[in-house]
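Take a look at the structure below.
The values are calculated or read from the model by the stated rules, or taken from the named source; none is laboratory data. In this text, all values refer to a predicted model and were calculated from it rather than measured experimentally. No Cβ is skipped: glycine too gets one built from the backbone with ideal geometry, and neighbour counts run over all protein chains shown.
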């Protein structure tokens, strides 16, 4: 939960709201979240981000009166399409160079 709080706070700060908390990488690879005075692993950060996205998808589905699939499906399609387009763009740039 703490990692999720830090993720939301950091994301909001990146968008110009609030202050950016200091995050450092420790020698053992964990992240030190200065604002919360806690060290977290990459797995904890991933799980926190996953739960935040799940909450967002559930809320959008509920508010729209739709199923989770009706929300997540198009979102995933867009992400996969964007990834494919970036890959194509990178391939073209490599051919030009």
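So is residue 7 within 26 Å of residue 75 (Cβ to Cβ) and not assigned by TED's automatic domain parsing to the domain that holds residue 75 or not?
yes
Could you check the stretch 21-57 and list, in sequence order, the residues that are without any contact (Cβ under 8 Å) to a residue 12 or more places away in the chain and either under 16 Å from the mean Cα position of the chain (by Cα) or closer than 25 Å to residue 72 by Cα (or both)?
43, 46, 50, 53, 54, 55, 56
Out of curiosity, is residue 16 within 18 Å of the chain's Cα centre (by Cα), free of Cβ contacts under 8 Å to residues at least 40 places away in the same chain and at positive phi?
Criteria met by residue 16.
If you go through the stretch 20-33 one residue at a time, how many are exposed (fewer than 14 other Cβ atoms within 10 Å of the Cβ) and at pLDDT 85 or above?
Result for the stretch 20-33: 6.
Just to be sure, is residue 36 in a helix (DSSP H, G or I) and within 15 Å of residue 5 (Cβ to Cβ)?
The answer is no for residue 36.
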